[in-house]
1. Is there a quick way to get the dipole size of the chain? I mean about its Cα centre, with the Cβ of Lys and Arg at +1 and of Asp and Glu at -1; what is the value in debye to the nearest 20?
2. Just to be sure I understand: with springs between alpha-carbon atoms less than 10 Å apart, which residue in VAL128, VAL166, VAL47 has the highest mean-square fluctuation in the Gaussian network model of the chain?
3. Under a 5 Å amide H to amide H cut-off, with H placed in plane at 1.01 Å, what residues pair with THR229 once short-range neighbours are removed?
4. Regarding the range 206-305, what are the three Cα extents along the principal axes, ordered largest first, in Å?
5. Under the Kirkwood approximation for Rh and a Cα-based Rg, what ratio Rg/Rh is obtained for the chain?
6. Quick check of the Kirkwood formula: for the range 7-147, what is the inverse mean of 1/r over all pairs of different Cα atoms, in Å?
7. Only Cα pairs within less than 10 Å get springs; with that Gaussian network setup on the chain, which residue of ASP37, ASP131, ASP83 has the largest fluctuation?
8. Output wanted: per-residue J couplings in Hz (rounded whole) for the range 281-288, from phi through Karplus 6.51 cos²θ - 1.76 cosθ + 1.60, θ = phi - 60°, x for Gly and Pro.
Amino acid sequence: MTADPLAVHKEPTSSSEAARRAASLIVAGIEGTELTDQAREVLDLGVGGIILFSRNYRSRDQVGELIGALRSYAGRKLVVSVDHEGGVVQRFREGFTRIEPMRAIGERGDARLAFELGQTMGRELRAVGIDWNFAPVLDVDTNPENPIIGDRSFSREPSVVGEFGVALAEGLESEGVASCGKHFPGHGDTSQDSHLELPELPHSFERLRAVELPPFQRYAEAGLASIMTAHVLFRALDPEVPATMSRAALTSLLREELGFQGLIVSDDLEMKAIRDHYGAAEAAERSLLAGADAFLCCAPNGTIFEVYERLKAPSSEEFERRLSESSLRMAAFQAHWAP
C-alpha cells in the first residue's frame, strides 16, 4: 500500500463529513451469531470494520451467513476481522484447521511451513468472508514470566520472529486476507498483561533496536498490510504515554524511521491498560494524533459510540488533518481487501 491516497483536503471539513470519517476508523465488536439490532445500530453508525469473536461463531456455515448479512445490511465496503493466530488465540475452531502455538512452528526451523500455514489460514478465513486476520504476533518471547505472549511468539530470537512472522503474513495475504503484525513496538518482555494493567518497559533504545524492533522492521520492509499497537509504556520512546498514544512510537519510529506505509490499528481500547488510565474516547483521540488510523472497540457496548462522538468533532487543524489522512488510508485498505 502506498501513500498516494493520502492527499489532505484543504477545505474545512463539514460536520457530516467528519462524522463519516470518524465512524470509518472504528472496528467494532458485535453480539450474537446472527444480525441483531445491536449490529444494525453499529453498522448504521458507519463503522469501517467488524471484529468477530467466539461469541459470534457456531459453525462455518453460520458465520458465513452472518458475515454475508453484515455486508448486505451495510451496503458498502466493510472489512471483517478476527484474531486467528493459533494456539490459545483461535476464535473459530469447529470446522477449521486446529493450529498449534506459533512457538511450535518456530521450533521446526523451516519458514516455508509458516508460509504454508498462512495460506491455510487465509483460504479457510476467506471462504467464510473474513478479510483481515490479526496475526502474526511479532513479539519476541524474551520474558519467561510474560503472562500474555509466551508461546504465541515464534521464538526468543528476533531474527526467527521476523522471518517466520513475515512468512506467515505473506501466506495469508497470498490468499486475499490482510495480515496484522502485533504488538508494536513489542509486548514480549513485559511481566504484566495489558488486558488487566498498563505494562511498562525500562529498556534502552539500543535494546529496543536490537531485540524488539527487528521483526517489525522486516514486516515494514515486506510492504505488508497492517500493524497493531501495544498498550505498553516504553520509557525510552515516550515516558508519558503507552505506544498506542505516542507520536514518538507511531509516527517518528514506525512511519518515518521504519518506513511502514500500511494501516496502523490500535489494540482494543476496552483493555484495562487504556480504560483505567485514560478512557477509550480520550485514548482514541490521542492515538489518532499520534499516528494511528483505526481503533478496535471489541466489546458490543457504548464504548463504540463514545469513541465515535470524540472522533467526529475535530478539536484542531492537526486533528482534522489526521482524521482526513486516516480515513483515506482506511478507504484504501477497504478497497484493497474487502469484496
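1. So the dipole magnitude of the chain works out to roughly 580 debye.
2. Maximum fluctuation in the GNM of the chain, among the listed residues, is at VAL128.
3. So THR229 has HN proximity to PHE184, VAL265, SER266, ASP267.
4. 39, 28, 20
5. Radius of gyration over Kirkwood radius for the chain works out to 0.94.
6. 17.1 Å
7. ASP37
8. 5, 4, 4, 4, 4, 5, 5, 4
Each value in this text was obtained by applying a stated rule to the coordinates, not by laboratory testing. Bear in mind the structure is a predicted one, so any value in this text is a computation, not a measurement. Neighbour counts are summed over all protein chains in view; Cβ atoms, including those assigned to glycine, are modelled from backbone coordinates with ideal geometry.
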